[in-house]
Each structure stands twice: as structure tokens, then as C-alpha cells.
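K.L.:
This is the structure, below, for whatever I ask next.
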Amino acid sequence: MSDILKQIAEKLYDGEDDAVAELTQRALDEGLTPAEVLNGGLLAGMDRVGVDFRDGELFVPEVLIAARAMHAGMAILRPLLTESDVPSAGKVVIGTVEGDLHDIGKNLVGMMLEGGGFEIVDLGTDVPPDRFIEAIKMEHPNLIGMSALLTTTMPSMKRTIDALMEAGLRDTVRVMVGGAPVTQTFADEIGADGYAPDAASAVELARSLAGQINKSDG
Amino acid sequence: MTQQLPVQTLQPMIRVLSDEQVRAIHYATLEILAKTGVEMQDPQGRELLLEAGAWESNGRIKIPENLVTDAIACAPSRIPMYDRLGNLTMPLELGKVFFGSGSDTTFTLDVKTGERRRTMAQDVEDIAHLCDALENMDFIMSMGNPSDVPPDDLYIHEFIRMIRGSVKPIVYTAKNRADMEDIYRIAVAVASDEEALREKPFLLLYAEPISPLLIPEESLQKLTFCAEKGIPASYPPSPNTGGGGPITLAGALALGNAECLVGLIISQLIRPGTPFLYGMNTAAMDMKSTIVSYGSPEWPLGMMAQMDLARYYNLPAWSAGGASDSKVVDAQAGIEMTFSILTNFLARATLVHDVGYIEYGSTSSMEALVIADEIIRMTRFLVDGVAVNETTLALDAIARVRPGAGFLADDHTLDNWKWAQWRPALIDRNRYDRWVKLGRKDMFTRANERAREILEEHQVPPLPEEAEGAIAEVLAERAAAGG
């Protein structure tokens, strides 16, 4: 890996957005292709962030600051990149389930997944089963992620999974669930494919679940 | 617009005595000194007091108010303490708070086996070594009385082990004047010469009268030695309620104050301006087990009250906290240590010893010291108060936020999170699954691992060669004298 790409990855890890933007431009000026800068610099840095966050070495704001630096680099690269230049770990539709207005935990998982290379479609909060179904038909995601903060709204997760089966969509996606009252046992009971106790393990889980699904149109 | 003044931060502080209560205790102390008197067993101290205007009746030395007032006026309001490398690390001044280990326990919880066993000389050095690395331990006081050295040389070995184990200022104890001289000799060798030691003292004597009202000869001789050499000293009595002191805290405070002030008066009569650390220990004698309780609420309450007296006299003060009566490092230990650390910080006690004691001062624990370090850090955050200004009010972020969506990814969070929140080092806040994955470790286990890691990794600068030479000489002379 060239020196400048290594520097981009390091500055991104440290969350220095101005430095990342400047180095990204310089790398392009030196003749590197946008795809090389993206993969060897920005994504390489973000990968390290993801690993260290998973291992409990980084705090959430440090990940978000790194993501902010990633955006600074992407602002320069995006107009120059073609669709095929951007590798995607997969597409995830996320939402807080029907009856539940809690946004923060779901947003965090969304941001962490984005940092992990996933494309995120966020349906927001209080999402009824038919809106998940609609989104699956429109977006063709690899995964859907459901969040609930309240014990009283957890049954909405089961209702959504049941609705997916009825609509014949259950086999087209993997379903992950999370939120304070949710447990692995509950996830198994309602027929979800995975449960993650926190945002860092949600990224790991999403990676392993996405690997199980091959989207023909992805 | 005229530039406005910033909003000042209230940093919470506790007083437990009103001005009127402080005066009433002070008057009671004057009454004890002038009417009841103390038993003075040191002839030189007796002479000094009688010459200065005290009188003797019924075998007691009685001290008039003017000696008290003069001594308080004479004593320095600050005692700058240095580490043995010459850095000013512990300026003992009112408003500042310093913590340290202590003292002289019989047993220790072996950090490797968990066994409660007699303290050895190596333990004193190891615990000094541990405290050298703990950020919030400001001074070292011998955590135990070693059982593997000749009893007459106990305090010499303690001092040697402490000064090898850490560079931090040392609070030391001695048996008698001969001990004082040998320790001084070693300290001078560490500092390079007498003048350097006097200008940048890194040791402070802990001597004590015996409550109630008894001033032993040896304790006063030690104090006298320090006054002659310009070494800072303290003379805290222990009027524990129901034992050395009356069962009621006010009486214990008045009595302890009287006994401590006798030490102050002697030190100032020998050499006006001698650095003297005011203070006393006021724990409670338990009325069932008769232990002196280091977990009782009377203890921190008394320590806070004596800080109000210290402020009345404008003198920095000795204090105690961070200890427990529990036989193990458990929830009781956590409660009791936190209680006395928090109250000492809130009362701005100047020099807080006894951190890391368990079993009412009979056993030392490295785990307790590591946990106390975290409690002190946590307390420091609380006592810092709530800063109120443009940044901390966060009005822009509040205006930006989507209702319900949270501030986690807002620039205001990302720019300020590091200082705006306290972050634990030893306390566990992992989610359940991660805690399980990390081995389901409780606080004691984590503290034990941290202590062992420090002992393994932390380096302490060695003593200068001349100091090791002086140590070898002192020990050889003592061995010859003993044999």
C-alpha cells in the first residue's frame, strides 16, 4: 500500500476530517484512481475502526468521528466513482417496530452498519409490518433489522416476521433483531435469524447474515 | 455589547460545623488545656511549656490561651511537599486534597494467593510500588508492619522499603529519636545534603499523643527532632468515640483538638515556623466488638468537622478515609471506602491517609487501593461541579436535533464527549454478553488483575548510589549493635 493511502487510513482512524479531505485530493492529484483511494485509504481505515470498536477499544463517538472523516473523503471521491467502484457489504432496511417511538438505538446501529460498509434504508420509528414488506419489495435488501426498546412493543417483531411469511418474502431476506428487552431466546422464539446485544456485534452479525444471502440483483 | 463575565462554577463543598459550633469547640479546647491540663512525659517539652507561661498543678501541665494563639499564628499556612526527585507534587494547602496509603497493618491480603497472612518487608515495597503507579495516590505511608525484620528496626525497614518502592512523598513513623536520626541520614543521602532536604522535603512525620491527655516522651522527642531539622510533622491524636475520646463526637473533637495543639505549641516553641500538619483521627469504637471502626459514619463526620476547625486556624490538615471494616474486599468495603473518600473530598481534607485498609485497619489490600484510586477519580468528577456556559448549554445542538432522534451523532457530542463525561477504568459498564465473554469478572478480580499488571510493568527510578550506601551503613550499624 502506498504511503499516502496509509496516511489516509490513519487520519481517518484518528477522525481528522480536514486531513482526510486534503490527503484524498492529493492522492488523486498524484494519479491514484478513485477506487484505489476508496479501498486502500478510506475503507481500510474504517475497517480498522470497526475491528477496534468490536474489541471494545474504541468509544462510540470515536467511531462516529471517524465516520465523519470518511464522509469528508467521500465528498471528494463520490462524483468520480462509478457504481462498480463502490463495494457494498449489502443493503439493510432498518426500523423501530410498530408502537415504539424510540429512535436512538436504531440510529446507532444504522450508523455503525454504514461504517461497516452497508447501505442503509432507515424506515424510522413506529414502522408497521406492511411498511417493512413494501420496503423489501422496493429496495431488495439482504437484511432487515428491527428494533424495540419496550417489552410491550416486542410482539410487533413477531407480527412483522409472520407478515413476511404470509407475503412469501421470508426467504428473500435475513432478519435481525435488537433492543434493550430483546434476548437471543426471544429472537429464536419468533423465528428471527439473528440477535445482537449491541451496535458493534450488530455489524458482525450483519456481515455473517449477509454472506448467507446472495442477491441476484445486488 | 459589554463583554459579560462567565458564569462561575459552584464546586460543591461541605461544612458540618457552623461558625458558632467551631468557636464553641475551640473554647472547650481552651478550657481543657488551661483547666484540665495534659500529662506531659517528656522533660524537655515540660520545661519548654513552663518557660513559655504554662504552669503545673496536680501533675498536669496547664496551658494558657496565649500559647495556643501564638502557636497557631506562628505555624506556616502551607507545607510544600516534594517527591524524592525534587518535584513539588504535594503542596499541602487548604482547598487542596491529597490521598495516600496507610498504615501499619499486621496482615495483608496476598495479591497472588488471596491468603490473609502476616505482612513482610517486601509487601511494604510492593504496595509503595503499586501506589507509585496509581495516579490518585499522592503519598506513600507504610501499608504494613513487616513481621520478618527485627522489631527494633521495624520503622527503618518500612522507610527503606517505601523510598525504594516509590518516588512519591512519604509519611513515615519512627519508634524513637534513634530511628529518627537513621531515617534522616538516609533521607539526606537521597536528597544529596541537609539543605536540599530542608528546602524540598519529601518526608513528613506521623507521631501521635495517646488519647486521652497523655503526651508520651518518645512521641514528643520525634516531634522535636523534626522541628530542629525543619522536617514537616503531624501529631494527630485518636480520640475515638467511646475509647480514647468521649462517646460524643463534639467532646472527642474538643479533646483531640487540645492534644493536637499541644504538639503544635511544642513544635513552634522549639523553632517558630516549623511546618506542622494539624489534625486528628476520630473514628468510633464499636460498642459490641470494640474495634475502632473505619466504616462508621462518625469517622467521616468527625474528619469533616476537624476540617472546619482547620479552616478556623488557617492550617492544612491531616485526615483519613478510603478504608473499611470488612474482612474482604466486598460490597461493604465499596460502601465504606466510597463514603469516606467522597466526604473527605467534599470537605477538602488536605492529606487523607488510610486508603486501602480493610478489617478495621488490620489488613492491607492492593485490590482495595486500586479500587480506591477509581473512587477518587469518580469523586473528583463530581466535586468539579456543573460548568454552565455557551458550550455546555448546547443550545445550537438542541435547536438542531430531530425530536426523539438523539444527540449521539451530533457534532456537539463528537466535539465534547471526551471531557463532558467521566469514563470508568475499573468499574464495569459492559453489556451483559460482553461481560460474560470477558470472563464474568467481579470488581475484586479486575482490581487484582490490575494490581498484578502494575507490579509487573511499572518502573520506579532507583535510589541514588549514595542513598543505597547510607542504607547499608545504617543496617550494618544496627546489626552490630543488636549482636
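The values are calculated or read from the model by the stated rules, or taken from the named source; none is laboratory data. These figures come from a predicted structure and were not determined experimentally. FYI the Cβ positions are ideal-geometry reconstructions off the backbone, even for glycines, and counts take in every protein chain you see.
K.L.:
Being in the same structural domain as residue B:183 (by TED's automatic domain parsing), without any contact (Cβ under 8 Å) to a residue 40 or more places away in the chain and under 19 Å from the mean Cα position of the chain (by Cα) is the requirement here; does residue B:296 meet it?
P.N.:
On the way: in the same structural domain as residue B:183 (by TED's automatic domain parsing): yes; without any contact (Cβ under 8 Å) to a residue 40 or more places away in the chain: yes; under 19 Å from the mean Cα position of the chain (by Cα): yes.
So residue B:296 fits the description; yes.
Matching residues to (1) in the same structural domain as residue A:204 (by TED's automatic domain parsing); (2) in contact (Cβ under 8 Å) with a residue 40 or more places away in the chain:
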position	(1), (2)
A:15	no, yes
A:42	no, no
A:53	no, yes
A:57	no, no
A:78	no, no
A:94	yes, yes
A:99	yes, yes
A:102	yes, yes
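K.L.:
Return the only residue of B:433, B:428 being modelled with pLDDT of 95 or more, within 13 Å of chain A (Cβ to nearest Cβ) and within 23 Å of residue A:196 (Cβ to Cβ).
P.N.:
Values: B:433 fails: modelled with pLDDT of 95 or more.
Testing whether each residue is modelled with pLDDT of 95 or more, within 13 Å of chain A (Cβ to nearest Cβ) and within 23 Å of residue A:196 (Cβ to Cβ) leaves just B:428.
K.L.:
Could you check, for region B:122-140, whether at least one of its residues is touching a residue at least 24 places away in the same chain (Cβ under 8 Å), out of contact with any Gly (no Cβ under 9 Å at 6 or more places or on another chain), buried (at least 24 other Cβ atoms within 10 Å of the Cβ) and over 18 Å from residue B:81 (Cβ atoms)? Please lay out each step first, then the result.
P.N.:
First pass over region B:122-140, keeping only residues touching a residue at least 24 places away in the same chain (Cβ under 8 Å): B:122-140.
Checking which are out of contact with any Gly (no Cβ under 9 Å at 6 or more places or on another chain) leaves us with B:122, B:133-136.
Okay, now just the ones that are also buried (at least 24 other Cβ atoms within 10 Å of the Cβ), so B:134.
Subset that is over 18 Å from residue B:81 (Cβ atoms): none.
No, region B:122-140 contains no residue that is touching a residue at least 24 places away in the same chain (Cβ under 8 Å), out of contact with any Gly (no Cβ under 9 Å at 6 or more places or on another chain), buried (at least 24 other Cβ atoms within 10 Å of the Cβ) and over 18 Å from residue B:81 (Cβ atoms).
K.L.:
Inside region B:407-425, can you point out the residues that are aliphatic (A, V, I, L, M) and more than 9 Å from chain A (Cβ to nearest Cβ)?
P.N.:
Initial filter on region B:407-425 (aliphatic (A, V, I, L, M)): B:408-409, B:414, B:420, B:425.
Answer for region B:407-425, where residues must be aliphatic (A, V, I, L, M) and more than 9 Å from chain A (Cβ to nearest Cβ): B:420, B:425.
K.L.:
Does residue A:52 satisfy the criteria of being under 24 Å from residue A:120 (Cβ atoms) and modelled with pLDDT of 90 or more?
P.N.:
Numbers: under 24 Å from residue A:120 (Cβ atoms): yes; modelled with pLDDT of 90 or more: yes.
So residue A:52 fits the description; yes.
K.L.:
Show the residue pairs that are 6+ apart or on different chains and have beta-carbon atoms under 9 Å apart, the first residue being within region A:147-175 and under 19 Å from residue A:197 (Cα atoms), the second being among the basic types (Lys, Arg) and part of a helix (DSSP H, G or I).
P.N.:
Cβ pairs passing all conditions: A:147/A:106; A:149/A:106.
K.L.:
Looking at B:319, B:324, which one is of a type in the set (S, T, N, Q), modelled with pLDDT of 95 or more and closer than 18 Å to residue B:106 by Cα? I'd like the intermediate steps shown before the answer.
P.N.:
Details: B:319 fails: closer than 18 Å to residue B:106 by Cα.
The unique qualifying residue is B:324.
K.L.:
Of the residues in region A:83-139, how many are assigned to a helix (DSSP H, G or I), within 14 Å of chain B (Cβ to nearest Cβ) and farther than 30 Å from residue A:43 by Cα?
P.N.:
Taking region A:83-139 first, the residues assigned to a helix (DSSP H, G or I) are A:83-85, A:104-115, A:129-139.
Still in the running and within 14 Å of chain B (Cβ to nearest Cβ): A:104-115.
Adding the requirement that they be farther than 30 Å from residue A:43 by Cα leaves none.
Residues meeting the conditions: 0.
K.L.:
Which of the following residues is part of a helix (DSSP H, G or I) and either at pLDDT below 95 or loosely packed, with under 14 Cβ neighbours inside 10 Å (or both): B:451, B:479?
P.N.:
Working: B:451 fails: either at pLDDT below 95 or loosely packed, with under 14 Cβ neighbours inside 10 Å (or both).
After applying the criteria, what remains is B:479.
K.L.:
Could you grab me the full set of residues in region B:30-80 that are part of a strand (DSSP E or B) and either of a type in the set (Val, Ile, Thr) or more than 23 Å from residue B:216 (Cβ to Cβ) (or both)?
P.N.:
First pass over region B:30-80, keeping only residues part of a strand (DSSP E or B): B:38-40, B:55-57, B:60-62, B:79-80.
Result: B:38, B:61, B:79, B:80.
K.L.:
Go through (1) under 30 Å from residue B:193 (Cα atoms); (2) buried (at least 24 other Cβ atoms within 10 Å of the Cβ) and name the single condition residue B:271 misses.
P.N.:
Of (1) under 30 Å from residue B:193 (Cα atoms); (2) buried (at least 24 other Cβ atoms within 10 Å of the Cβ), only one is false for residue B:271: (2).
K.L.:
Looking at residue A:125, is it out of contact with any helix residue (DSSP H, G or I) (no Cβ under 6 Å at 6 or more places or on another chain), crowded, with 20+ Cβ neighbours inside 10 Å, under 30 Å from residue A:69 (Cβ atoms) and of a type in the set (S, T, N, Q)? Talk me through it step by step, then tell me what you get.
P.N.:
Numbers: out of contact with any helix residue (DSSP H, G or I) (no Cβ under 6 Å at 6 or more places or on another chain): yes; crowded, with 20+ Cβ neighbours inside 10 Å: yes; under 30 Å from residue A:69 (Cβ atoms): yes; of a type in the set (S, T, N, Q): yes.
Judged against the criteria, residue A:125 is a match.
K.L.:
Ok, one more. Scan the helices (runs of 4 or more DSSP H) fully inside region B:364-414 and keep the ones with 2 or more residues being within 21 Å of residue B:425 (Cα to Cα). Steps first, answer last, please.
P.N.:
Working: elements: B:366-383, B:390-393, B:395-400.
Because the criterion is at least 2 residues that are within 21 Å of residue B:425 (Cα to Cα), the helices (runs of 4 or more DSSP H) in region B:364-414 that meet it are B:366-383.
K.L.:
Among (1) more than 10 Å from chain B (Cβ to nearest Cβ); (2) surrounded by fewer than 20 Cβ atoms within 10 Å (Cβ to Cβ); (3) among the aromatic types (Phe, Trp, Tyr), there is one condition residue A:59 misses while meeting the rest; what is its number?
P.N.:
Answer for residue A:59: the failing condition is (1).
K.L.:
Suppose the filter is in contact (Cβ under 8 Å) with a residue 12 or more places away in the chain and within 14 Å of chain A (Cβ to nearest Cβ); does residue B:461 pass it?
P.N.:
It is false that residue B:461 is in contact (Cβ under 8 Å) with a residue 12 or more places away in the chain and within 14 Å of chain A (Cβ to nearest Cβ).
K.L.:
Turning to a different aspect of this structure: Is at least one residue of region B:84-98 assigned by TED's automatic domain parsing to the domain that holds residue B:135, surrounded by fewer than 14 Cβ atoms within 10 Å (Cβ to Cβ), farther than 30 Å from residue B:126 by Cα and touching a Pro at 6+ places or on another chain (Cβ under 8 Å)?
P.N.:
No, the conditions are met nowhere in region B:84-98.
K.L.:
Which ranges mark the helices (runs of 4 or more DSSP H) fully within region B:110-206 that have 3 or more residues being among the small types (Gly, Ala, Ser) and in the same structural domain as residue B:99 (by TED's automatic domain parsing)? Quick ask: steps written out before the conclusion?
P.N.:
Values: elements: B:121-133, B:154-165, B:177-191, B:194-199.
Ranges flagged: B:121-133, B:177-191.
K.L.:
Let me ask another. One residue is enough: does region B:298-306 have a residue meeting the conditions surrounded by 24 or more Cβ atoms within 10 Å (Cβ to Cβ), among the polar types (S, T, N, Q) and within 24 Å of residue B:91 (Cα to Cα)?
P.N.:
Yes, region B:298-306 has at least one match.
K.L.:
With respect to residue A:142, is the statement that it is of a type in the set (S, T, N, Q), within 13 Å of another protein chain (Cβ to nearest Cβ) and crowded, with 18+ Cβ neighbours inside 10 Å true? Reasoning before the result, please.
P.N.:
On the way: of a type in the set (S, T, N, Q): yes; within 13 Å of another protein chain (Cβ to nearest Cβ): no; crowded, with 18+ Cβ neighbours inside 10 Å: yes.
No, not satisfied.
K.L.:
Mind listing just one residue for me: the one in region B:375-406 that is closer than 28 Å to residue A:108 by Cα and of a type in the set (D, E, K, R) and, of those, nearest to the other protein chains (Cβ to nearest Cβ)?
P.N.:
This residue is B:402.
K.L.:
Among the residues of region B:370-422, write down those that are of a type in the set (Lys, Arg) and surrounded by 12 or more Cβ atoms within 10 Å (Cβ to Cβ).
P.N.:
Answer for region B:370-422, where residues must be of a type in the set (Lys, Arg) and surrounded by 12 or more Cβ atoms within 10 Å (Cβ to Cβ): B:377, B:380, B:400.
K.L.:
Find all pairs meeting these conditions: Cβ atoms under 7 angstrom apart; at least six residues apart or on different chains; first residue within region B:329-354 and surrounded by 24 or more Cβ atoms within 10 Å (Cβ to Cβ); second residue modelled with pLDDT of 95 or more and acidic (Asp, Glu).
P.N.:
Pairs found: B:329/B:367; B:336/B:325.
K.L.:
Which one of the conditions (1) out of contact with any Lys or Arg (no Cβ under 8 Å at 6 or more places or on another chain); (2) surrounded by fewer than 21 Cβ atoms within 10 Å (Cβ to Cβ); (3) within 13 Å of chain B (Cβ to nearest Cβ); (4) closer than 24 Å to residue A:15 by Cβ does residue A:75 fail to meet, given that it meets all the rest?
P.N.:
So residue A:75 meets the others, but not (3).
K.L.:
Still on this structure, please answer the following. Mind listing whichever residues of region A:140-157 are assigned to a loop (DSSP other than H, G, I, E, B) and of a type in the set (A, V, I, L, M, F, W, C)? Can you show your working first?
P.N.:
Here is the first cut: in region A:140-157, the ones assigned to a loop (DSSP other than H, G, I, E, B) are A:140-142, A:148-150, A:154.
Correct list: A:148, A:149, A:150, A:154.
K.L.:
Next question, about the same structure. Quick check on region B:12-32. Is at least one of its residues in contact with a strand residue (DSSP E or B) (Cβ under 8 Å, 6 or more places away or on another chain) and either crowded, with 17+ Cβ neighbours inside 10 Å or not assigned by TED's automatic domain parsing to the domain that holds residue B:273 (or both)?
P.N.:
no
K.L.:
How many residues, within region B:261-293, are touching a helix residue (DSSP H, G or I) at 6+ places or on another chain (Cβ under 9 Å), within 18 Å of residue B:211 (Cα to Cα) and not in a loop (DSSP other than H, G, I, E, B)?
P.N.:
Residues in region B:261-293 being touching a helix residue (DSSP H, G or I) at 6+ places or on another chain (Cβ under 9 Å), within 18 Å of residue B:211 (Cα to Cα) and not in a loop (DSSP other than H, G, I, E, B): 10 in total.
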